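Values in this text are rule-based calculations from the coordinates and carry no lab data. Keep in mind the model is a prediction, meaning the values are calculated, not measured. For neighbour counting, all protein chains shown are included, and Cβ atoms are generated from backbone atoms with ideal geometry for every residue, glycine included.
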Amino acid sequence: MDIGILIQVVFWGLYAGCIYILLATGLNLIFGVMKIVNFAHGEFLMLGAYITFIFVALTGFNPYVLLFATMPVLIVTGIIVERLCFRPILGTGKLNEIFVSLGLIYIFQNVVALIWTDEWRIIPSPFVDVTVSLGSLEMPLDYLIIIFLTIAILSGLYVFLRKTHLGKAIRATSQNRKGAMLMGINVERMDMISFGIGTGLAAGAGTLWAVSGQVFNPYIGSIPAIKAFAIVILGGLGSIPGAIIGGLLYGIVENMATFTLGGAWKDAISFVLLIIVLIFRPTGLFGEEGE
Amino acid sequence: MSRRFPIIIAIIAIVIACAIACAGCSEQQPTTEEIRVGVVASMTGPASSTGKDIWQSAVLAAEEINADGGVYIADLDKKIPIRLIQGDDESTREGGQKAVSKLITLDNVDMLVGGFSSAVVMAHQSIVADYKVPYIISGASSTAVSHRDDIDTSYMFYLRPSADDSSIVTTLFAGNVLRPAINEKFGFPDDQPLRLAIIYQDSPYGKGHQSAIHATIEEYALKITVVSEESFKMGESDFRTILTAVKATKPDAVYAVTFLNEQIPLVQQARRDVGLDTIFLTIEPNDDPDYYSGVGTYGEFSMLESRFSPYAVPNGPTASAVTNFVTTFDTRWNGFPGMMGAATYEAVYVGAQAFENAGTLDKTAVRDALDTIELPQMIEAMKNGVITFSDDYRESTFELYMSQLIRDESVGEPRPVIIWPDSLKETDLVLPDWYAPGSE
């Protein structure tokens, strides 16, 4: 087997892993702080792609630059969704959370279809013809930018969570909600901010995914959301390092399975990996007891 | 107050959203005497753009028929209108079963038309068989749908070419036209076989084409060597690894059995990301205005098997009908119809004629009328110029052709031009400068 082809396949896995990491990290952050299961998370990926699409159409700017305009828009959207839909039902039972998030899927899909129609859309990359050669590996520049931006966003999130007062408060809320309240942390505010950051990360995933030569319409969020949930479980509920390692593993395993067994096995092998990990570590790779 | 306020706002928002969403799902209002036709279409989900095309074309046909007074039913001794009822299959098997069950049991439809994906149609065929409702299927090209014998399919009629029909045309073109053109341009021996890769959807539709390609190569002794066969899940959007594997087998051309939402990223990722500078052969669901605009530069010089396009109009008796249909559709819906729309438009007319011939709404009589129907071809060219259904599997036979996407500078997008057969050809096949055959 040609080693150059294998390296190329691993590279495609890294790219896919970056998208999964952003989506799953956002989902995990929300779960870690609020302990809610948001099945509508994939719709924020879809919304991110649409918002960037609109910004590109309006301004003609580079979509990678506009990513930093899209993410704040989705952070605000996330805050509104948390405030209106999840805050009132927080603590009232998992069924309520599940049905609210399922309802949000249909609402977002229908509203987006109504506003922008359900035709397939694309976001053209400004670097579409630029390729970088590294030995036998031919890498389109777009994918290197996506990997770089993913690392930059995650580094920013790490610094925010570790070094800022607000980040420490979010972590404290995630670790012990009642303890955080007793220490004077406004946990409802932390919920709101965490939800906003989570949706912002999903918007980042949506934009980078769309710019990398994908087509999208209002219904593309569901499958990535399912995969993000699987990655979160694989990595461990509430664990951000788990989401990162899980996302990378998922991306690479999916692509290696496609290469060796065929595309029909792509999803199946990923879930086989999930089952194997859960057999040996029921809390996921980095999960803790009680999550 | 402060705690209830967000809940009230949320409820109001949900109600408004639902109302807005439902406003887009308009259906014609009932009258006392009418023919109720259920339109099975993917109004939501990955195939929603095709579903919208199906629904809008059906509405156009029903409006034209109703504007003429409706359909004459001898038993009633008067004309009655057609009322269309939408059945959204949600682009899923389960959604199709729900939609068809509702259309038959709650809406009491007299006939069904539409049906796109073979997998989705296969899942709800048994419901149609149980209730014995005439169903004119305008998609679902797999013969696994039309040739199945595990259920009673006698009420189902197929107004589309089968996967076998499409594959024969495309594979014959690849072996007898594309292969000699490549060999001539690159100075290869005349008898050098074409190295063909097949990328197919892992579904009855994809597998039907895959087996039909092999059968055609064998039956016609074509000089084609299949060097790679890769499958993918329906709805897939990341083809990079598959394409990397295909590129390693050095194909001269790639035969892709895909839907529109798969074909666009497939071709873009092949040329842009993987550097697979080859000719893509694809089949009719992709002959759609959304494909031309979506695939852009990367789709130029792709070749499509087709039977209808709003741009490439075959010369002949259907030319004026196609132009008229495209113009009327554009006036009504502000856009261009796709192939599935054209077939469903015809299906409504075929259904109307069957009701008229039967002279009753009785489902068995309508089924019998469909069995013997002979209607002059409308906007798609039919074998012998007549829409009819075969005795064995109740399939219709079309005049198919191959077109190639060539950039139209005036619109900045590729547009199809017919390149085969010679009787319909607008221009010769072009192998672009960037094309690199695997045989080199």
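A few notes on this one:
- Placed amide H near B:GLU229: partners under 5 Å, 5+ positions off or other chain: B:ILE198
- Residue among B:ILE85, B:ILE224, B:ILE151 with the largest mean-square fluctuation in a Gaussian network model of chain B, springs linking Cα atoms under 10 Å: B:ILE151
- With K and R counted +1 and D and E -1, the other residues having a Cβ less than 15 Å from that of B:LYS132 yield a net charge of -3.
- Relative contact order of chain A, taken over Cα pairs closer than 8 Å and 6 or more residues apart, is 38 percent.
- Whole-number Å³ per residue for the convex hull built on Cα positions in the range A:3-280: 139 Å³
- Between B:SER167, B:SER231, B:SER117, the GNM of chain B built on Cα springs shorter than 10 angstrom shows B:SER231 fluctuating the most.
- Shielding score for A:257-270, defined as the mean number of other chain Cβ atoms within 10 Å: 5
- Lys, Arg +1 and Asp, Glu -1 on Cβ, resulting dipole of chain B about Cα centre, debye, nearest 20: 1240 debye
- Look at the stretch B:221-234: the mean tally of other chain Cβ atoms within 10 Å of its residues' Cβ atoms is 2.
- Interchain or long-range residues, amide H under 5 Å from A:THR131's placed H: A:LEU141
- Residue exposure sequence - A:CYS85, A:CYS18 - by fewest surrounding Cβ within 10 Å: A:CYS85, A:CYS18
- Comparing B:SER146, B:SER138, B:SER237 in a Gaussian network model of chain B, where Cα atoms under 10 Å apart are tied by springs, the biggest mean-square fluctuation is seen for B:SER237.
- The tail of the calculated P(r) for chain B, taken as Cα-Cα distances beyond 33 Å, holds 36 percent of the pairs.
- Listed by chain and number, the aspartates and glutamates placed with their C-alpha closer than 13 angstrom to that of B:LYS383 are B:ASP165, B:GLU374, B:GLU395, B:GLU399; residues fewer than eight positions away on the same chain are left out.
- Distant-in-sequence amide contacts of B:PHE398, defined by a placed amide H-H separation under 5 Å and a gap of 5 or more residues or a different chain, comprise B:LYS383.
- In plain terms, the bigger the Kirkwood radius, the slower the diffusion; for the protein assembly as shown, with that radius from Cα pairs, at 10 °C and 1.306 mPa s, Stokes-Einstein puts D at 58 µm²/s.
- Sum of -39500 (n - 2.57) over DSSP H runs of 4+, divided by residues of chain B (222 nm, nearest 500): -12500 deg cm²/dmol
- Cleavage-rule hits (GluC sites (Glu not before Pro)) in the range B:397-435: DSSP loop, at most 11 neighbouring Cβ within 10 angstrom: B:GLU409
- Ranked packing of A:100-109, B:243-252, B:200-209, B:371-380, most packed first, by mean Cβ within 10 Å: B:200-209, B:243-252, A:100-109, B:371-380
- Per-residue mean of foreign Cβ neighbours for A:116-123 is 6 (Cβ atoms of other chains, 10 Å radius).
- Per residue of chain A, the DSSP helices (runs of n ≥ 4 H) give a summed -39500 (n - 2.57) that works out to -24500 deg cm²/dmol at 222 nm.
- Neighbour cut-off at most 16 other Cβ (10 Å), DSSP loop, trypsin sites (Lys or Arg not before Pro), the range B:326-424: none
- ³J(HN,Hα), Karplus 6.51/-1.76/1.60, whole Hz, each residue of the range A:235-244, x for Gly, Pro: x, x, 4, x, 9, 6, x, x, 5, 5
- Charge dipole (the range A:3-280, unit charges on Cβ, about Cα centre) - positive-most of A:LEU161, A:ASN217, A:VAL111: A:LEU161
- Selected from A:GLY242, A:THR173, A:PHE31, residue furthest toward positive end of dipole (the range A:3-280; charges at beta carbon): A:THR173
- Likely footprinting exposure, B:TRP434, A:TRP209, fewest C-beta neighbours within 10 Å first: B:TRP434, A:TRP209
- The mean sequence distance of close C-alpha pairs (under 8 Å, at least 6 residues apart), as a share of the length of chain B, puts its relative contact order at 16 percent.
- Rounded to whole numbers, the Karplus 3J(HN,Hα) couplings from phi for the range A:274-285 are 4, 5, 4, 4, 5, 5, 8, 9, x, 8, x, 4 Hz, using 6.51 cos²θ - 1.76 cosθ + 1.60 with θ = phi - 60°, and x at Gly and Pro.
- Size of charge dipole - the range A:3-280 - debye, nearest 20, with Cβ of Lys, Arg +1 and Asp, Glu -1, no other charges: 1060 debye
- Per-residue Cβ neighbour counts within 10 Å put A:THR150, B:THR344 in the sequence A:THR150, B:THR344, beginning with the fewest.
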